[in-house]
Structure formats: structure tokens, C-alpha cells
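**Student:** Let me give you the structure first, and then I'll get to my questions.
The values are calculated or read from the model by the stated rules, or taken from the named source; none is laboratory data. On a predicted model such as this, the values are computed, not experimentally measured, just so you know. Note that each Cβ is placed from the backbone with ideal geometry, even for glycine, and that neighbours are counted across all protein chains shown. Please note that ligands, DNA and RNA were not included when accessible areas were found on the heavy atoms of the full protein model with its side chains. Shrake-Rupley method; radii C 1.70, N 1.55, O 1.52, S 1.80 Å.
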Amino acid sequence: MGLTAQANALTTQSCILVGDTFDCFRVPNATETFATSINNNGDIVGYFNSNNTPNQGFYRSPQGDLNILNFPGSIETTPQDINNLRQIVGSYLDSNSVFHGFIFNSGAFTTFNTPFSDSIIAGSNDLGDIVGQYFDSDTQTVRSYLFSEGIFSLIDVPSATNTFVSEINNNREIVGDYYDSEGNAHGFILRNNTFSAINLPGEGETFIYDINNLGDIVGVNVPERPSSLSARGFLYSQGSFRTIHVPGAVSTFTTGINDAGIIVLAAKSAPEPSSMSCILALSTLGAASTLKRQLKPSKSTEKETTKVS
């Protein structure tokens, strides 16, 4: 079976990891369910689709109730983050195929306007800070921004060709990843105006998706692109890496972590009739799922940054 056919035969479910045990769930009738964030209350957001239909957003309560979350009139909606105030941020695609960021607060959607065209929101904290990305049509690259106290600031990793921010915590530590001049992906943290690289030891590329207020980081390692079928999640805490893999899954994408250390992730596997609950194998060691990457640095390259799902 070819790579494309094999990928199309897979389904994706989302999981909540508590300790060494995780419980998985799917949006009914969806072939792909990707959780993207979890807050300290246990609220979860993400997106789903069925057989490559446009993304629709979802909110999952701590009690397990699922609700659809779509920006009115949009072609697709992708929630990216939920903070501890239950404010949800993400992106939507309008009828002209232009991306915009959105904020969902107290039951109402608001478009987040930026000075940049074709932009999205990737993450937010409880202080009102927002981080996101936009496509620079002049350079044909993706750049990132911080919105804090009413001011937009650009975030560009030095010497990077594309910079993707993913999250900002209440300590205003910012994480994400970037492509170097050879097209390889690396994780980074921006702390006190200083960039530091974060890469899982060994071969492969590192993509970072979330950081909690304790400094714990989750992300994905991809041994080989453009395939994401061998992606493995990881937790980076206190200077040590632990890889995370759902038993029986082809790929595991760790996408969010709260201050209690509860992780949300997505697992790609062969179709199964029901959700599962099983024990996570955590190994010591310290195609990525690009859930927070919907903008393309180049429309002619295979190394697109659209979501891999």
C-alpha cells in the first residue's frame, strides 16, 4: 500500500493523559479528532473533520460533553488554545480563502484584527497576551508576532527562514519552532528576549506546541519528512526528555499540557470501532502534526506548513 493510500486509511482520535494512563475520545462520525489544548479546569478544544472535509472546531467540557465551535460564515474553524479564563483562540478561513484569528469569549466570537494579512492566533495566556503567525507575501515566508499591552511585536528566530510560535505562558515564555536554511525544523523557547534551541536528541526534527506555567513543554519529533507516520510525542521537563507513544498507534502528537501535568494528544492509527483506554509507554530519553501551522512559506515546496492530519 502506498504512503498516500495508507495515510487515508488511518483515523485519528484524541487522548487525555493522566499519569501513565490515557483515555481516548472521538467526535461522533469524525475520521479525525485533534485536541489542541487543555487548561487547568480540564476544558479541551480542538478540531475535527471527516474524510478531509474542512475543519470544524470543538469544545469538550471536563465532564466529557462535546460541543461544535465554528466561526459564523467561515469555511473552516480551527481552535488552537484555551486559557484558564476559558477564552478560546484560533483561526478561521473566510469565504475569500483568507485566514483570520478569532477570540471566543463568553459565548461570542470576535475577529482578531492584526496589521498583517493572512494571519492566525496560535496561543494566549491569562494576562491577555496573544501569539500568532502570518504569511509575508513579500518574502514568501511565515513570520510570527506577539500582541501584548496593545502593541504588536515581531518574533523571528535569528537566521531562520520561517518562524512558528505556538504558545505563551503566564511567565511570558514563548515556544515554537523554526526552519533553518537547509529546511530542517528545530524547537525553540524565547525567554527574557533570548532564544534557546530545544531539540530531541538523535535524528529527526523537533516541533514544539505548548508550555505550561511551570515550564513543562510538549511537542513532536519526526524522524523523516514529508511523512508524519512515524511521529512521536515528547515531554520536556526540568532538562529531560521523555518520549510519548500510544501503543498500537502509527503516530502520536502531543499538543497540550496544563499545570497539573495533564497532557492532551492525538493518535493516528488503523480504524477502530470504539475508543480505547490503555497504558502509555513512557520511555526515558530525553511530519510533524502542524496543528498550529496553517500558513505556507512557499506554495511550490513539499515542505508546506499546512496541518498534517
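**Student:** Taking Gly132 as meeting all but one of (1) closer than 19 Å to Asp81 by Cα; (2) in contact with an Asp or Glu (Cβ under 6 Å, 6 or more places away or on another chain); (3) crowded, with 21+ Cβ neighbours inside 10 Å, write down the number of the exception.
**Tutor:** The single condition Gly132 does not satisfy is (2).
**Student:** Oh, and also: Do the conditions hold for Gly215, that is, is it open to solvent by less than 40 Å² (accessible area, probe 1.4 Å), in a loop (DSSP other than H, G, I, E, B) and either among the β-branched types (Val, Ile, Thr) or modelled with pLDDT under 95 (or both)? It would help to see each step written out before you state the result.
**Tutor:** Numbers: open to solvent by less than 40 Å² (accessible area, probe 1.4 Å): yes; in a loop (DSSP other than H, G, I, E, B): yes; either among the β-branched types (Val, Ile, Thr) or modelled with pLDDT under 95 (or both): no.
No.
**Student:** What about Asn84, is it within 24 Å of Val246 (Cβ to Cβ) and polar (S, T, N, Q)? Even if it seems obvious, please write down each step before you answer.
**Tutor:** Details: within 24 Å of Val246 (Cβ to Cβ): no; polar (S, T, N, Q): yes.
Against the criterion (within 24 Å of Val246 (Cβ to Cβ) and polar (S, T, N, Q)), Asn84 does not qualify.
**Student:** Has the stretch 194-206 got at least one residue that is within 26 Å of Phe116 (Cβ to Cβ) and not in a strand (DSSP E or B)?
**Tutor:** No, there is no match, as no residue in the stretch 194-206 is within 26 Å of Phe116 (Cβ to Cβ) and not in a strand (DSSP E or B).
**Student:** Related question: Restricting to the stretch 241-256, and then to whatever is in a strand (DSSP E or B) and open to solvent by 10 Å² or more (accessible area, probe 1.4 Å), can you tell me which residue is modelled with the lowest pLDDT?
**Tutor:** Residues of the stretch 241-256 that are in a strand (DSSP E or B), as a first pass: 241-245, 251-256.
Pick out the ones that are also open to solvent by 10 Å² or more (accessible area, probe 1.4 Å) and you get 241-243, 245.
Details: Phe241: 95, Arg242: 94, Thr243: 93, His245: 90.
Among them, the one singled out is His245.
**Student:** How about the stretch 194-207: which of its residues are exposed (fewer than 15 other Cβ atoms within 10 Å of the Cβ) and either touching a strand residue (DSSP E or B) at 6+ places or on another chain (Cβ under 9 Å) or not polar (S, T, N, Q) (or both)?
**Tutor:** Residues of the stretch 194-207 exposed (fewer than 15 other Cβ atoms within 10 Å of the Cβ): 194, 196-197, 201-203.
The answer is Ser196, Ala197, Pro201, Gly202, Glu203.
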